[in-house]
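Every number here is computed from the coordinates shown, using simple stated rules; none is lab data. This one's a predicted model, so the numbers in the text were calculated from it and none came from an experiment. Here the Cβ positions follow ideal geometry from the backbone for every residue, glycine too, while neighbour counts run over all protein chains shown.
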Amino acid sequence: MQSSDILVTHPVGLHARPAAEFVKTAGKFPCMITVCNLTTAGKTVNAKSILSVLTLGVQQGHTIRIETDGENEVEAMVALQELIASNFGETA
Amino acid sequence: MHQFTGIGVSGGIAIGPCWIYKPASVSIDRKTIADPSLEVDRLNKALIEAGHQLEQLHERALINIGEADAAIFEAHKLFLDDPEFLGAIRASITTEKINAEAAVAETAEGFARQMLALEDEYFKARAQDIRDVSRRILYCLNGISLDQYNLSQPSVILADDLTPSDTIQFERSMILGLCTRHGGPTSHTAILARSLAVPAAVSIPFEFSEIVAGSDVILNGDTGTLTIEAGKEEIESAQVARQSWEQAWQVRLKSAFEPARSLDGKLVEIVANIGGVEDARQAVEFGAEGVGLLRTEFLYLDFGRLPNEEEQASIYREIFQVMSSRPVVVRTLDIGGDKQVDYLDLQQESNPFLGWRAIRMMREHPEILLTQMRALLKAASPQNDLRIMAPMVSSVEEVQQARAIFEKAKASLQKENLLQVKKPQFGIMVEIPSAALIIEHLAEFVDFFSIGTNDLTQYTVAVDRTNERVAYLASPFHPAVLKLIDRTIQKAHENGRWVGLCGEMAGDPLATPLLLGMGLDEFSMSPSAIPEIKELIRGLNTAECERMAKEALAQPGIQAVKDILEKYRPKDD
């Protein structure tokens, strides 16, 4: 199992387009992927579910914990880390 | 023959078959089922069908309303594929042995409630999306196709009310007219009808049971009447009326490209209020001499985040190209109050109209305004005539700050060799009484003023214009509002500044002689109002209007003012 804590810097947080990109990326991998919002200390949810990710209420400056477990767990973690580091593929 | 009268919101006469738009209802009552696996099969088939529909809608929306607004259907598709959502539906079918309809509706409602509990405008909209997706699946389960939107012939659409997601489904060329039982002059139906330039009336008190689907009806968008069961004679006379209306419209449209010069030679500028490149094209078609108000909120609402300089510039550039050398007045970001954006750290306020909105964000976030001004200045070519204005100004200090940002944007672009536009102007909106009362002090820092009568009225008479119980008090014809407008124009002229007006009042024929008499330089209105107002001005005498304006300003109340204006209303021939 892989685990990683990441600070979300995107101004929208994990809503709207960034949330959609996050879920789409997670959906590409066969392993189980969960995410929880450490800042609000809420529940842990399925990272492949847009509805669940939205309910985490992740805002700019929040830290999230991502866990991947199973087939391609390392690749999945790297892909999600890169997505967030690239500010969800935006240049600015 | 039977006639119903409501409120006309978009002029013209439509004659044709009616199309009754009534969203079908599906029973979502719980039923025990014998074979859950058959029920899951039904569900799976419905999900595939719903997915196809959303893809088609997305494509149609891309053509009709553009990428940003079409994104909503992509989001719906994501919900439709959500593993938690689908997992919960399938689980309740198999474990509780209930019908798919109940499982879908209950699961969707559960998620919708979770979203609503988050108390944020953004999540409220998502709750609505989940319910929309749920409705679509329920329809697919019951073989109710959304073919109800595929009109087989051009029709007058009759509905309870129309929402944006309802109307996008109709083919534009099939809409003869729109007629709803609910809604007011600012409802979505009204706005859509005006932008499509089709006749429309709202708040028409008809019952669906009284009307035979497909029967011929007559809709008059000027008088706000719907006629059903019309005899041959009524239809014929309506056809004559429609023909003369269309001829008059054509004449107006032709002359719309002529300047608006009064009988005694006073020339005023007639320009358009727009919110995007589509509107810009329509404005030019309707004879707009420029743009008096380009709203820029859509950029901030559509992106779901702060649009960067380049993203903004490319959208502005498209609009500036359409307007070419015609002046374009751009209002900088006006968010807060009744418009919400989730990423701007807007907080719940008990009085959002009096709160942290528009130019007031500049103190904490000057970079937002700087980015926008740089994007605007950068996007304008040497042949463009760009004018930037700041909304919600209440004091001299705010104007100084905004002007400093404008100058900074100009200077930095000049340094980078990116400033092409010649002599861009800077101005402010006059929509707060405190600004209207110190125009002479503000004049030093601006090139022009633009009066926003909707907000000026609301702040003068202390009425929340979105509150229907008190909205009747919010008339720009209140003598106090008129005095503020008159003062603004006078003091601006004394200081050598020009004045525009971009509230709904500018497109109201009743107000035209009054505003002309007060000396207004620029009238900015919705594009479809331009031909009529131009024609009206050509028949007015300024000196007479000045006398009338003086008389109107001396009245004690709204009705007395209107009585005087009514005498000047041109008689229909």
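Things worth noting here:
- Sparse-neighbour loop sites [GluC sites (Glu not before Pro); region B:222-295; at most 15 other C-beta within 10 Å; DSSP]: B:Glu229
- Note on B:Asn351 and B:Asn308: the model spin-label points, each 7 Å out from Cα along the C-beta direction, lie 4.0 nm apart.
- Virtual paramagnetic centre 7 Å along Cα→Cβ of B:Gln400, amide N under 15 Å, in region B:430-450: B:441-446
- Gyration tensor over alpha-carbon atoms, the protein assembly as shown, equivalent ellipsoid semi-axes in Å: 46, 35, 21
- With the convex hull of its Cα atoms as the shape, region A:2-85 has an orientation-averaged projected area of 4.4 nm².
- Förster radius 45 Å - calculated FRET efficiency between B:Glu278 and B:Ser412, Cβ distance, rounded to 0.05: 0.90
- Extending 7 Å from the Cα toward the beta-carbon at both B:Asn495 and B:Glu364 defines two label points whose distance is 2.9 nm.
- Restriction of the trypsin sites (Lys or Arg not before Pro) in region B:474-573 to DSSP coil positions whose beta-carbon has at most 15 other beta-carbons within 10 angstrom yields B:Lys567, B:Lys571.
- Pairs spanning more than 32 Å between alpha-carbon atoms, out of A:Lys48/B:Lys45; B:Lys31/B:Lys77; B:Lys423/B:Lys567; B:Lys408/B:Lys491: B:Lys423/B:Lys567.
- Three-way shape label, chain B, alpha-carbon gyration tensor, a/c 1.5: oblate
- Zero-based 5 Å bins, Cα pair distances in region B:36-143, whole percents: 2, 13, 21, 23, 19, 12, 7, 2, 1
- Among the chymotrypsin sites (Phe, Trp or Tyr not before Pro) within region B:474-572, not one is in coil by DSSP while having at most 13 neighbouring Cβ atoms inside 10 Å.
- Here the simple spin-label model places points 7 Å from the Cα toward Cβ, and for A:Glu90 and B:Asp563 these points are separated by 5.7 nm.
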